[in-house]
Amino acid sequence: MAPRSGDVAKLIHPVVVLGGGIAGAAAALRLTQGNAQPVWIAADRAETFKPGEHLSASAIPMLKTLGLDSVLQSEVHRHAHSTYSAWGSDTLIERNSIVQLEGPPTVLDRGAFEDALALQAVASGAQRIYRDIVNVRIIDGQWHLETTSDLIKAGFVFDATGRKAIIASKFSPRFQADKLCCQYALFQSEEFQTPRPVTLIQAEERGWWYMSVLADARVILNFYTDADLPRIDPTAFEQSARATHSISAYLEDYGYKSCGLPKRITTNSSWIAPTIGAGWAAIGDASAAFDPLSSHGMTTALWSAIKATDAFLMQDREKMESYAESVAKGVQDYLTEKNQVYCRESRWPRSPFWARRQTGSTKPA
């Protein structure tokens, strides 16, 4: 029987998971499947909508490993059969899933997806505590995790706290390859015609746009540029979208209008090295966070949670070191691929955003 909430502070728990995203939920679930009894500390999700919805088909084997492949059958998600991009020219190029051997990616309701993972983790025996961590200390080789209301002690901690990496960043340096950030907003149509379910990517002088139709027919529209470069005035976000070549046509054809002012999040490429240490391992974005153009983020979150927790469950130091080495190699492979993709766009050599990606620099031009 799992301990009651009031008993948590009185025990020394073998393993604690920090962070409420995909990596945290997957780690908590995988630990319970290995007969561990993890304490999972994660504040409740603050917003009803969470951006980052493009799940690669390469994630499906990992969902099957977790026994969660059925979650993609929910009607709140849709298969992304067609993706179009205007990258390197104004011409839209289609990438159809019929030519992708691994199958189509999925456009998720990200919040519903995370909630489904969390529910399964708790149902399997993970004890979730809905609090924030306010301080972390190590005393006599044990973690002392201070929450907003109590103290939790642990022998091992999985850090799934995103780019903040509240445990890992204390012991390993965090490296950053760029300053990418995202403004995003939801659009909705009052027309009764069914929109064509597509994903569009379009480069422009200041950065690039991403648009995708969700399963509920709303549209998510993102604009990416560097955090130190001028961003789009929030009140002019819809106007800027309608000045694009391809995305504007879609919005016009189906009568889409913005549901509100855009919000802003960090989406830079960054990583911790090494991703493991004495009594801890970083997973998900805490270990490595990738440019959304790569569509690697959620897949990496699932992979890292499974790989690292399996090593912990087997108490196998070599497998844990192998996990860290795989993360490091994956980062280097990603940086090479990222550079190649951005170098395909050469129309604006004087643009600070694109000039940095031709030279690999993140310094202001």
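The values are calculated or read from the model by the stated rules, or taken from the named source; none is laboratory data. Not measured: the values here are computed from a predicted model. FYI the Cβ positions are ideal-geometry reconstructions off the backbone, even for glycines, and counts take in every protein chain you see. Heads up: the accessible areas ignore ligands, DNA and RNA and are worked out on the full protein's heavy atoms, side chains in. Shrake-Rupley method; radii C 1.70, N 1.55, O 1.52, S 1.80 Å.
Among the residues of segment 335-346, are any over 19 Å from Trp209 (Cβ atoms) and under 14 Å from the mean Cα position of the chain (by Cα)? Looking through segment 335-346, none of the residues is over 19 Å from Trp209 (Cβ atoms) and under 14 Å from the mean Cα position of the chain (by Cα).
Of Arg78, Arg30, which residue is touching a helix residue (DSSP H, G or I) at 6+ places or on another chain (Cβ under 6 Å), of a type in the set (Lys, Arg) and either more than 27 Å from Ala126 (Cβ to Cβ) or modelled with pLDDT of 85 or more (or both)?
Arg30
Screening Phe192 with (1) within 23 Å of Arg128 (Cβ to Cβ); (2) of a type outside the set (S, T, N, Q); (3) over 23 Å from the mean Cα position of the chain (by Cα) gives one miss only, at (1). For segment 71-96, the set of residues classified as open to solvent by less than 30 Å² (accessible area, probe 1.4 Å), more than 21 Å from the chain's Cα centre (by Cα) and of a type in the set (A, V, I, L, M, F, W, C) consists of Ala86 only. The set of residues from segment 117-151 being open to solvent by 30 Å² or more (accessible area, probe 1.4 Å), in contact with a helix residue (DSSP H, G or I) (Cβ under 7 Å, 6 or more places away or on another chain) and of a type outside the set (Ser, Thr, Tyr) comprises Gln120, Gly125, Arg128, Asp150, Leu151.
Of all the listed residues (Leu186, Leu180), the sole one being in contact with a helix residue (DSSP H, G or I) (Cβ under 9 Å, 6 or more places away or on another chain), open to solvent by less than 60 Å² (accessible area, probe 1.4 Å) and touching a residue at least 12 places away in the same chain (Cβ under 8 Å) is Leu180. Screening segment 152-166 for residues that are out of contact with any helix residue (DSSP H, G or I) (no Cβ under 6 Å at 6 or more places or on another chain) and charged (D, E, K, R) and picking the one that is nearest to Gln176 (Cα to Cα) gives Lys164. Residues that are part of a loop (DSSP other than H, G, I, E, B) and at pLDDT below 95 within segment 351-365 comprise Gly360, Ser361, Thr362, Lys363, Pro364, Ala365, listed in sequence order. Number of residues in segment 135-179 that are touching a Leu at 6+ places or on another chain (Cβ under 9 Å), hydrophobic (A, V, I, L, M, F, W, C) and more than 15 Å from His13 (Cβ to Cβ): the value is 3. For segment 189-239, filtered to residues that are open to solvent by 10 Å² or more (accessible area, probe 1.4 Å), in contact with a Pro (Cβ under 7 Å, 6 or more places away or on another chain) and among the aliphatic types (A, V, I, L, M), the residue that is nearest to Leu92 (Cα to Cα) is Ala217. The residues listed here are Asp291, Asp316; of these, the one that is more than 21 Å from the chain's Cα centre (by Cα) and at negative phi is Asp316.
Okay, residues lined up against (1) open to solvent by less than 30 Å² (accessible area, probe 1.4 Å); (2) modelled with pLDDT of 95 or more; (3) under 19 Å from Ala177 (Cβ atoms); (4) touching a helix residue (DSSP H, G or I) at 6+ places or on another chain (Cβ under 8 Å):
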| residue | (1), (2), (3), (4) |
| --- | --- |
| Tyr256 | yes, yes, no, yes |
| Ile272 | yes, yes, yes, yes |
| Gly277 | yes, yes, no, yes |
| Ala282 | yes, yes, yes, yes |
| Ala286 | yes, yes, yes, yes |
| Leu293 | no, no, yes, yes |
| Ile306 | yes, yes, no, yes |
| Asp310 | no, yes, no, yes |
| Met314 | no, yes, no, no |
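Tallying residues that are more than 22 Å from Gln176 (Cα to Cα) and either aliphatic (A, V, I, L, M) or in a helix (DSSP H, G or I) (or both) within segment 316-350 yields 6. In segment 152-174, the residue that is nearest to Ala36 (Cα to Cα) out of those that are of a type outside the set (D, E, K, R) and surrounded by fewer than 15 Cβ atoms within 10 Å (Cβ to Cβ) is Gly155.
Note on segment 37-70: among residues that are part of a strand (DSSP E or B) and closer than 30 Å to Leu261 by Cβ, the one that is most open to solvent (accessible area, probe 1.4 Å) is His54.
Being of a type outside the set (Ser, Thr, Tyr), surrounded by fewer than 24 Cβ atoms within 10 Å (Cβ to Cβ) and within 16 Å of Phe156 (Cβ to Cβ) is a property that Glu321 has. Determine which single condition Glu252 fails, assuming it passes every other condition in (1) open to solvent by 50 Å² or more (accessible area, probe 1.4 Å); (2) among the charged types (D, E, K, R); (3) within 15 Å of Tyr210 (Cα to Cα). For Glu252, the exception is condition (3).
With respect to Ala305, is the statement that it is under 23 Å from the mean Cα position of the chain (by Cα), closer than 21 Å to Trp143 by Cβ, assigned to a helix (DSSP H, G or I) and not polar (S, T, N, Q) true? So Ala305 fits the description; yes.
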